[in-house]
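Novice: Quick one: the structure is below, and I'll ask about it shortly.
The values are calculated or read from the model by the stated rules, or taken from the named source; none is laboratory data. It should be emphasised that the depicted structure is a prediction, and the values quoted were computed from it without experimental measurement. Please note: Cβ atoms are built from the backbone with ideal geometry, for glycine as well, and neighbour counts cover all protein chains shown. Keep in mind that these areas ignore ligands, DNA and RNA; they rest on the heavy atoms of the full protein, side chains included. Shrake-Rupley method; radii C 1.70, N 1.55, O 1.52, S 1.80 Å.
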Amino acid sequence: MEQMTLFDRETPQPLAARLRPQCLEEYAGQAHLLGKGKVLRRLIENDQVSSMIFWGPPGVGKTTLARIIAGTTKSAFIDFSAVTSGIKEIRAVMEQAEQNRRFGERTIVFVDEIHRFNKAQQDAFLPFVEKGSIVLIGATTENPSFEINSALLSRCKVFVLQALTVQDLAGLLRRALNDSRGFGMQQINISEKMIEMIANFANGDARTALSTLEMVVLNGEIAENGTVTVTEETLEQCTSKKSLLYDKRGEEHYNLISALHKSMRNSDPDAAVYWLARMLEAGEDPLYVARRVIRFASEDVGLADAQALSVAVAAYQACHFIGMPECTVHLTQAVVYLSLAPKSNALYMAYEHAKQDAVAQLAEPVPLVIRNAVTELMGDLDYGKGYEYAHDTEEKLTRMQCLPDSLLGREYYQPTSQGKEAHFKERLEQIKEWKR
């Protein structure tokens, strides 16, 4: 007689696995692709699916969508991981797909994290995709233009999957509470406010949302009748977050980014770093903060320190490469640098003034002298006639008119004397004096 061990017990599936959608109606998000009449939905419903790449952040349903497609189109489905597979495994899968094809069955090969395959591994799929032995569906969190071979990419349609909205995630959480595959057989007391808090905390990731819900329910207070009550204290403990009320799309979100921007503008690095930490520790997307820092570098520093833009862009790249929490120090470096940099809004004001004229006079013709005569007819119409090539002059300057007649004399860029912009101001004054 065999003795039962702990390892013989059936391990319950996580909530995210139990609640995995089985059809398009259960699938959350991606309305721009799967809404009624949208292109991907039509391809699936008409059984006209071809090789494609799903590009999007984690937890948006790339694998789930591939499984739904396989089930809807009645195809054999082979789940393939780029992390654990090599050329040998690819060939074995292709042989199986060829055998399926001989029996009249189409095979969908789903490759998770396809960007992790090297060139040789990606090339191994090419002949089978070309002759239709398989329908390849790849999933990637990286830009396919950079991570997937052009030959393979040209044979695949790229669909961009977006992070789920708070509304998408809240709906998914409510379904988990009511569905028998989730907590539908239990009485769970959890407020709408807490559902919204979990949806915000998940940051567009369905797996995170469902895993968080599962954790708070399992740690909820159980009454004698079996009812489970989830408190805000339990929710805070399960997520290790002190600021769950921070709404990344609400007023506090805009208040904090405004506080960061204005602290940097006021050259207050201590306040700027504090507001930066407030946002990041509450779960704000570091790439959002980095984008705003890049904007600040040109809007509020500009040519007073042209290096500021390079520092801001480098911080964004660092956030993209390594993510949280490591990238906090890179954002701090950029925020402190920009806080201490000399300030100028001359570039911002230059564009705003030019924009007013551009919008008011959209039909102003380009002066003939600076038009490009790419055909004989254009030459006959005096395109480029009288053009002066600045490099042919000793001063590298000409008095040629480049603005339309109606805007002659307009001066949009008004440099300040702050930082290195003082040199640009001096240079501009020299140019204007020479032209006079």
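Novice: Specify the residue that is farthest from LEU169 (Cα to Cα); the eligible residues are those in segment 25-54 that are open to solvent by less than 20 Å² (accessible area, probe 1.4 Å) and of a type in the set (Val, Ile, Thr).
Specialist: Among those that are open to solvent by less than 20 Å² (accessible area, probe 1.4 Å) and of a type in the set (Val, Ile, Thr), it is VAL49.
Novice: Just give me the residues in segment 151-164 being within 15 Å of ALA209 (Cβ to Cβ) and open to solvent by less than 50 Å² (accessible area, probe 1.4 Å), in sequence order.
Specialist: The one that is within 15 Å of ALA209 (Cβ to Cβ) and open to solvent by less than 50 Å² (accessible area, probe 1.4 Å): LEU164.
Novice: Could you check segment 209-230 and list, in sequence order, the residues that are surrounded by fewer than 20 Cβ atoms within 10 Å (Cβ to Cβ) and not in a loop (DSSP other than H, G, I, E, B)?
Specialist: SER211, GLU214, MET215, LEU218, GLU221, ILE222, VAL228, THR229
Novice: Taking ARG427, is it basic (Lys, Arg), at pLDDT 90 or above and open to solvent by 80 Å² or more (accessible area, probe 1.4 Å)? Spell out the reasoning first.
Specialist: On the way: basic (Lys, Arg): yes; at pLDDT 90 or above: yes; open to solvent by 80 Å² or more (accessible area, probe 1.4 Å): yes.
Yes: the conditions hold for ARG427.
Novice: Moving on to the next point. Please work out which residue is nearest to LEU408 (Cα to Cα), limiting yourself to segment 350-387 and to residues that are modelled with pLDDT of 85 or more and touching a Gly at 6+ places or on another chain (Cβ under 7 Å).
Specialist: The extreme case among them is VAL369.
Novice: Over 28 Å from the mean Cα position of the chain (by Cα), loosely packed, with under 13 Cβ neighbours inside 10 Å, of a type in the set (A, V, I, L, M) and more than 22 Å from VAL160 (Cα to Cα): is that true of ALA97 in this structure?
Specialist: Working: over 28 Å from the mean Cα position of the chain (by Cα): yes; loosely packed, with under 13 Cβ neighbours inside 10 Å: no; of a type in the set (A, V, I, L, M): yes; more than 22 Å from VAL160 (Cα to Cα): yes.
Criteria not met by ALA97.
Novice: Here is a follow-up. Which residue is least open to solvent (accessible area, probe 1.4 Å), if the candidates are limited to segment 102-117 and must be of a type outside the set (A, V, I, L, M, F, W, C) and under 17 Å from ILE137 (Cα atoms)?
Specialist: Ranking the qualifying residues of segment 102-117, first place goes to THR107.
Novice: Within the group ALA272, ALA290, ALA304, ALA259, which residue is touching a Pro at 6+ places or on another chain (Cβ under 7 Å) and either under 23 Å from MET349 (Cα atoms) or modelled with pLDDT of 90 or more (or both)?
Specialist: Working: ALA272 fails: touching a Pro at 6+ places or on another chain (Cβ under 7 Å); ALA290 fails: touching a Pro at 6+ places or on another chain (Cβ under 7 Å); ALA259 fails: touching a Pro at 6+ places or on another chain (Cβ under 7 Å).
Going through ALA272, ALA290, ALA304, ALA259 in turn, just one is touching a Pro at 6+ places or on another chain (Cβ under 7 Å) and either under 23 Å from MET349 (Cα atoms) or modelled with pLDDT of 90 or more (or both): ALA304.
Novice: Pull out all pairs, ordered by first then second residue, where Cβ-Cβ is under 8 Å, the residues are six or more apart or on different chains, the first lies in segment 400-428 and is within 23 Å of ALA341 (Cβ to Cβ), and the second is polar (S, T, N, Q) and open to solvent by 50 Å² or more (accessible area, probe 1.4 Å).
Specialist: Listed by first residue and then by second, the contacts come to LYS425/SER417.
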